[in-house]
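Reviewing the structure listed below.
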Amino acid sequence: MTDAAARVDAWLWAVRIYKTRSAATTACRAGHVRVNGEKAKAAQPVRPGDEVRVRIGGFDRMLVVRQTITKRVGAALVAASVDDQTP
C-alpha cells in the first residue's frame, strides 16, 4: 500500500472490481476502462485522486482512487482505497 502509481488493471483487481487480473486486462483492451475520461491501457498508471470509470454489465461504475494498492486485501482496506461515486 502506497501513494505511488500502480497499474490500472492491478488496482482494479486489488479493489475487487474484477475477479482476476486477466479479466481487468481484458476489460482495458476492450475499452471498458477510462482513467480521467480517456481510454486506458492495462499498464496505465493510476495515482490517488484519479477518476476511473469501469463499464460492467452495461452500467458504468465511477471510482476515485484514494490509495494505490497492487495486492488483494481485506474489505476494510478496500473501502479505504477506493471512493465509489456511482450514482
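Here is how the numbers come out for the structure above:
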{"read-out": "Restricting the range 65-82 to residues that are surrounded by 14 or more Cβ atoms within 10 Å (Cβ to Cβ) and of a type outside the set (A, V, I, L, M), the residue that is farthest from residue 21 (Cα to Cα)", "value": "66"}
{"read-out": "Residue list for the range 2-28, restricted to those being part of a loop (DSSP other than H, G, I, E, B) and surrounded by fewer than 14 Cβ atoms within 10 Å (Cβ to Cβ)", "value": "3, 4, 16, 19, 20"}
{"read-out": "Which numbered condition residue 31 misses (of (1) in a helix (DSSP H, G or I); (2) of a type in the set (Gly, Ala, Ser); (3) open to solvent by 10 Å² or more (accessible area, probe 1.4 Å))", "value": "(1)"}
{"read-out": "Filter result (touching a residue at least 60 places away in the same chain (Cβ under 8 Å), assigned to a loop (DSSP other than H, G, I, E, B) and in contact with a strand residue (DSSP E or B) (Cβ under 6 Å, 6 or more places away or on another chain)) within the range 42-87", "value": "70"}
{"read-out": "Within the range 49-64, tally of residues that are surrounded by 15 or more Cβ atoms within 10 Å (Cβ to Cβ) and farther than 20 Å from residue 22 by Cα", "value": "2"}
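The values are calculated or read from the model by the stated rules, or taken from the named source; none is laboratory data. Treat the numbers as computed from the prediction; the structure is a model and nothing was measured. Neighbour counts run over all protein chains shown; Cβ positions are idealised from the backbone, glycine included. Heavy atoms of the whole protein, side chains included, go into the accessibility calculation; ligands, DNA and RNA do not. Shrake-Rupley method; radii C 1.70, N 1.55, O 1.52, S 1.80 Å.
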